[in-house]
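Working notes, structure below.
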4 protein chains.
Amino acid sequence: MAASGSRVKVGIVGGTGYTGVELLRLLALHPNVDLTAITSRKEDGMPVADMFPNLRGYVDLCFSTPEKAALDQCDVVFFATPHGVAMNQAKELLDKGVRIIDLAADFRLQDTQVFESWYKMPHACPEVLAQSVYGLVELNRAKIAKARVVGNPGCYPTTVILGLLPLLEGGRKLVDTAHIIADSKSGVSGAGRKAEVATLFSEASDNFKAYGVAGHRHRPEVCEQLETIAGGPVGLTFVPHLVPMIRGMFSTIYARILPEAMDTDFQALFEQRYANEAFVDVMPAGSQPETRSVRGSNQLRIAVHRPGGGDQLILLVVQDNLVKGAAGQAVQNMNLMFGLPEDAGLRHIAVLP
Amino acid sequence: MAASGSRVKVGIVGGTGYTGVELLRLLALHPNVDLTAITSRKEDGMPVADMFPNLRGYVDLCFSTPEKAALDQCDVVFFATPHGVAMNQAKELLDKGVRIIDLAADFRLQDTQVFESWYKMPHACPEVLAQSVYGLVELNRAKIAKARVVGNPGCYPTTVILGLLPLLEGGRKLVDTAHIIADSKSGVSGAGRKAEVATLFSEASDNFKAYGVAGHRHRPEVCEQLETIAGGPVGLTFVPHLVPMIRGMFSTIYARILPEAMDTDFQALFEQRYANEAFVDVMPAGSQPETRSVRGSNQLRIAVHRPGGGDQLILLVVQDNLVKGAAGQAVQNMNLMFGLPEDAGLRHIAVLP
Amino acid sequence: MAASGSRVKVGIVGGTGYTGVELLRLLALHPNVDLTAITSRKEDGMPVADMFPNLRGYVDLCFSTPEKAALDQCDVVFFATPHGVAMNQAKELLDKGVRIIDLAADFRLQDTQVFESWYKMPHACPEVLAQSVYGLVELNRAKIAKARVVGNPGCYPTTVILGLLPLLEGGRKLVDTAHIIADSKSGVSGAGRKAEVATLFSEASDNFKAYGVAGHRHRPEVCEQLETIAGGPVGLTFVPHLVPMIRGMFSTIYARILPEAMDTDFQALFEQRYANEAFVDVMPAGSQPETRSVRGSNQLRIAVHRPGGGDQLILLVVQDNLVKGAAGQAVQNMNLMFGLPEDAGLRHIAVLP
Amino acid sequence: MAASGSRVKVGIVGGTGYTGVELLRLLALHPNVDLTAITSRKEDGMPVADMFPNLRGYVDLCFSTPEKAALDQCDVVFFATPHGVAMNQAKELLDKGVRIIDLAADFRLQDTQVFESWYKMPHACPEVLAQSVYGLVELNRAKIAKARVVGNPGCYPTTVILGLLPLLEGGRKLVDTAHIIADSKSGVSGAGRKAEVATLFSEASDNFKAYGVAGHRHRPEVCEQLETIAGGPVGLTFVPHLVPMIRGMFSTIYARILPEAMDTDFQALFEQRYANEAFVDVMPAGSQPETRSVRGSNQLRIAVHRPGGGDQLILLVVQDNLVKGAAGQAVQNMNLMFGLPEDAGLRHIAVLP
């Protein structure tokens, strides 16, 4: 494992989407990273900064084909690709000693049947999946440090799992786990950089809607993690919504407090659980977090509410979906995997206003 | 009561806010309305179209002081004023035979103690309040037709009450009324046209937040109506959120289906209840309404969801907060009160994109 | 020619874009129009209101193939299609006595060489083009009334030509016509409802840029008209920009006043020229028009500025690019062509806020 | 003068506006800065991070009164205050050896009569003004390094001056300096964090307008600088516009090429002039810069256009108005004044998307 002053050689597969450019933004100024390759078959030869002009002067790389990219010379490869790409290339890279962080869904769900029913493809490497680790640092820190393959969590799951973790772990019986509601709202960048009518400015601006009400891929991912944490079944209603903003994610989570847990100090419970977490901020009682307070940063903020002191617990969770919900969390995983300070390259103050 | 071809003389008190300009937009082209006066002490003498340039060529009125406005010559006066104004002027106008539609909260809550605790002022005319009618047409059509004073509903309450009405009325036992959740989202115009830092473009744009989590004035209003409808106590958790869009309101309502009601066809229940309502659109099963589908129109749309056929009912309700949630509903009330076609002056197709 | 109480049978070819839905919004409530068909080969059989939910309850039509649409039974057909479609179908419809209003560019440029160099296709019916009329009502009212084919102006040209018309027509020598600058800004809907990365919400929001600086199709269109008006060559620099708003267009036009014209009262010149125009509003001296003052309406507003009384004239012109800049102007043309009141179906007050 | 590893003690007067929070964002992570005080009489005692939640975990300071702030112990004090504050406190601080960077207008205009006519107050310390330096680094680098008082440029002037500098300096006769046009566009944050109706979300969103057409304070500031650079009179028409985005500024500058300069290679001229400037990026020929390419960064980008190779030169200039247009430029000035690397604390990649 690398010492904290050492260098990590990094490759990125598929850097033409929003998680790709965000990885580049974070890694280009990371004190321990040497960016060695970024692949895009379609854009082979194009300077990355031509596609993403914010990188002018900071990233000199050109996109290249995977063949030219010499990814097997990297210490770690990030996959910022559509679902299904990483699992087909994982084994070969692992055999060369390259570690893998997948920002798509290939290594998020351990249950391959659930994976196949939601992603409409068979899993290409169940044996690699079995040794992979779900890359939610605050849940799996020790395992991630030793992992060779990390499945970076989905954006919604990051907010919902971290919002419920203190209530469910350790065999606690605090809330009615059969009827949890997560009413989540995402900025439009969560839909990615694909040319689609539904996410055009003229469609998504000055508008608000729910989507995926009948079912969304992130629900089984959340449920698998929550059930592992709680050690039993969890009933979750999950409704995602689309907000006319670029970045930002907000989950309003409703959990009913069990009669025997009415005396719990939930504020203290959350503060203690996350006291040592650099990137989870439990806000003072009564706070109302805003997505802009984390825009461009790896911070996730939680506020704990219990209106009127009743039996309804409300958790408000915000993050930048492209940072803590994607690229930032991926870098946090890399830092852990290579023995670097967990916040290396991740100390950004959110851009406000 | 006026016949449908007749004219209604209309005055507006306090037309410098968003509900004021929206009333003007609707009333200026209303086929049965003569706009006779609009008051603003501060802007006395200023042409309305100087403040609101969209009205140039359509509204020639100037703002005038209440003294000059001769409101007692009107058939009806709309109050588009801060809370507490209408109740101080109501009696005098009523004595002159003028009818009143208040777009603020003075005639929304029958319980004056609740009013006083939330609006921090004693109620000035409880006896007028007692004879006033809560102006939700789909709930109180017959009473409104005869009313001399109408309290126009709040924007959030309109969505939540109409979203729950079919489930609660008629003594039905369909959902757990003790634990209803309304997760509501509003465009920024709901905060009005007041100079405040929190609703500046640079604060509210590209951002999402909850507010009023500990308590919001619209919760007691909803509860009073729901309890009247249900004939018993209703437990409601209400969390409003602010969306970076100008107009539009979206309520995601969660109700647990009672075991004995699992066989109910909720889609049919809603369709039947609102079959004859011009301004309530129960969308086909599986629909996902968008706020822009009602932008600038008096339509309210509802979609009924029950993921996986389980015990969780989800109601998605959209409206334009300034139209069905305020000025449009007020005009709908006026139409009823004066025997005009309910949709007179209200046939606008939403502006999309 | 139809009398003003009569009915016009209308067909629309290609109604799945923004000009299409806007035509539907305007025509569905037009007092003299019977919407008989709307074509889309791809969406054959789909209710129009399923694609554009704002039309629910107002438009019952389904998209149909051109074959089924019986367009030859219409009095007029609007083409809301890509460039090149109308010119291929025009002759056949004209032969059946159907009149045509094309919202694309096929009948905008009389110079077919210019057309071919900018639109990269030969013109399919130069003889029809020769008898078509450029549908800028305020310029060509008499001709349009008699036209069988109208080329509806581009959005930018509408603002630039109407902004300069009073200065150039009638052989006036008021400004330096060799060096006119139009710095124009458009909302994103001007780019249409095509799936493209550049107009995604996450690309176009919270951003401002110029485009087409080296050359834009609307420049030759403006020049052809201006040169006809001025009776001589006109030098125009035209720079379009993209504004993060859905609708709205703003042109800032700079013209240098000739020494011999320094005494001209330009405010009066503009007021007189447009005194009888229902849809051109010359604002009072010193005004600063806003695009939202025309959002959803067919109004175009002009403010005339001359800072410090010097030799620099600045014209500020606003319109809704989808209404006066496209569908509204098309309906205005139809009204003229069928002897209807020019503002029939076009009396909408802009939606503000 | 401090060596590059040394520490600078920094105070901020008036940190409750957008330039204040932006200074804090930049300075909190600046490797050579010790933030020692931030004053706000009104918010005395409030943690800065309570007002600006993005700073939670990075800035522990509370606002304090000027009396408690011990500003005279600082090496440098930034004034992020309304116009007129810095000039009243400058002398006292200077006498204590504290250097001053004013982000308001007090030290921008050397002509006090012009200052007084535009800012409606007499200048309080003309003798300090006389020794102050206009803090545009790329223009005045050597002077700034030795300055005790720096007037940080206005946001618009930064774009217009840097856009024209290569054309005017060194006695060059390249463009018609009597008739330069700057058509500028600013995000709403340029209006500051004041509670005003005109910059409410519901007023400024989905809208575009010009303002200050008759005259704007930044015009005399630009003119004073340009005339110094050109060594003679400059005629400038300046029209600012408001764009519905938070950050970002775009100036489209039109200059007529003189007959004798038609052979000039303007692209090369700009590239050479700024070859060694870390924060001025002359983009490749044909580029079309976007404001988001500099969002949150101190970069300013320029593209040089000459459509059709004619006599009209068009310069497109973008910056983040709060960074290069305000706080970032102020930090750049500080770095110079204290002998630090010019980019210390300023290496941020723009946040895109």
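The values are calculated or read from the model by the stated rules, or taken from the named source; none is laboratory data. Because the structure is predicted, anything quoted here is derived from the model rather than measured. Here the Cβ positions follow ideal geometry from the backbone for every residue, glycine too, while neighbour counts run over all protein chains shown. When the accessible area is computed, the model is the full protein with side chains, heavy atoms only, and any ligands, DNA or RNA have been set aside. Shrake-Rupley method; radii C 1.70, N 1.55, O 1.52, S 1.80 Å.
Below, the figures for the structure above:
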quantity	calculated
DSSP bridge orientation in the protein assembly as shown - percent antiparallel, rounded to nearest 5	45 percent
In Å², nearest 10: area of D:Arg306 left accessible to a 1.4 Å probe	60 Å²
Reciprocal mean inverse distance between Cα atoms of the protein assembly as shown - Kirkwood radius, Å	33.5 Å
Mean-position separation - Cα centroids, segment C:29-76 and segment B:29-61, in angstrom	37 Å
On Cα atoms only, tilt of C:86-95 relative to the major axis of chain C in degrees	60 degrees
Calculated diffusion of segment B:157-254, Stokes-Einstein form, Kirkwood radius summed over Cα pairs, 37 °C and 0.692 mPa s, µm²/s	227 µm²/s
Taking N as its residue count, the alpha carbon Rg of segment A:141-211 over 2.2 N^0.38 Å	1.56
Cα-derived Rg over Rh, computed across segment A:278-325 with Rh taken as Kirkwood radius	1.04
Descending semi-axes in whole angstrom, ellipsoid equivalent of chain C, from the Cα gyration tensor	33, 22, 20
Two-decimal ratio, segment A:1-88, of alpha-carbon radius of gyration to 2.2 N^0.38 Å	1.04
Helix-only mean residue ellipticity at 222 nm for chain B, each DSSP H run of n ≥ 4 adding -39500 (n - 2.57), per residue, nearest 500	-8000 deg cm²/dmol
Beta bridges per DSSP with both ends in chain D, % antiparallel, nearest 5	45 percent
With all protein chains modelled, accessible area of B:Cys62 [1.4 Å, Å²]	60 Å²
Heavy atoms of B:Glu260: accessible area, 1.4 Å probe, square angstrom to 10	130 Å²
Shielding by partners, peptide A:288-300 (average Cβ within 10 angstrom, other chains)	6
Pairwise FRET efficiency - C:Ala195 versus D:Asn276, Cβ, R0 = 45 Å, nearest 0.05	0.55
Rounded to 5, percent antiparallel among DSSP beta bridges of segment B:1-68	10 percent
Part-to-part distance (alpha-carbon centres) for segment A:285-303 and segment C:163-181, which is given in Å	55 Å
Spatially proximal lysines relative to D:Lys68 (Cα-Cα < 26 Å; intrachain offsets below 8 disregarded)	D:Lys9, D:Lys42, D:Lys91, D:Lys96, D:Lys194
Heavy-atom surface of segment B:208-287, accessible at 1.4 Å and reported per residue (Å²)	35 Å²
Accessible surface buried upon D-B contact (total; probe 1.4 Å; Å², nearest 100)	1600 Å²
Inter-centroid distance (Cα atoms) of segment D:309-353 relative to segment D:101-134, Å	23 Å
Gaussian network model of chain B, Cα within-10 Å springs - most flexible of B:Asp34, B:Asp95, B:Asp72	B:Asp95
Folded to 0 to 90 degrees: helix C:218-230 orientation relative to chain C principal axis, Cα	60 degrees
Largest-first ordering by accessible area, 1.4 Å probe, given options C:Asp311, B:Asp102, B:Asp263, C:Asp50	B:Asp263, C:Asp50, C:Asp311, B:Asp102
Equivalent ellipsoid dimensions for segment D:21-136 as semi-axes, Å, which come from the Cα gyration tensor, largest first	27, 15, 14
On Cα atoms only, tilt of C:328-337 relative to the major axis of chain C in degrees	80 degrees
Enclosed volume per residue, in Å³, of the convex hull spanned by Cα atoms of segment B:230-307	143 Å³
Coarse-grained scattering of segment A:156-321 at q = 0.08, 0.12, 0.15, 0.16 Å⁻¹, given as base-10 log I(q)/I(0) from a Debye sum over alpha-carbon atoms	-0.24, -0.53, -0.82, -0.93
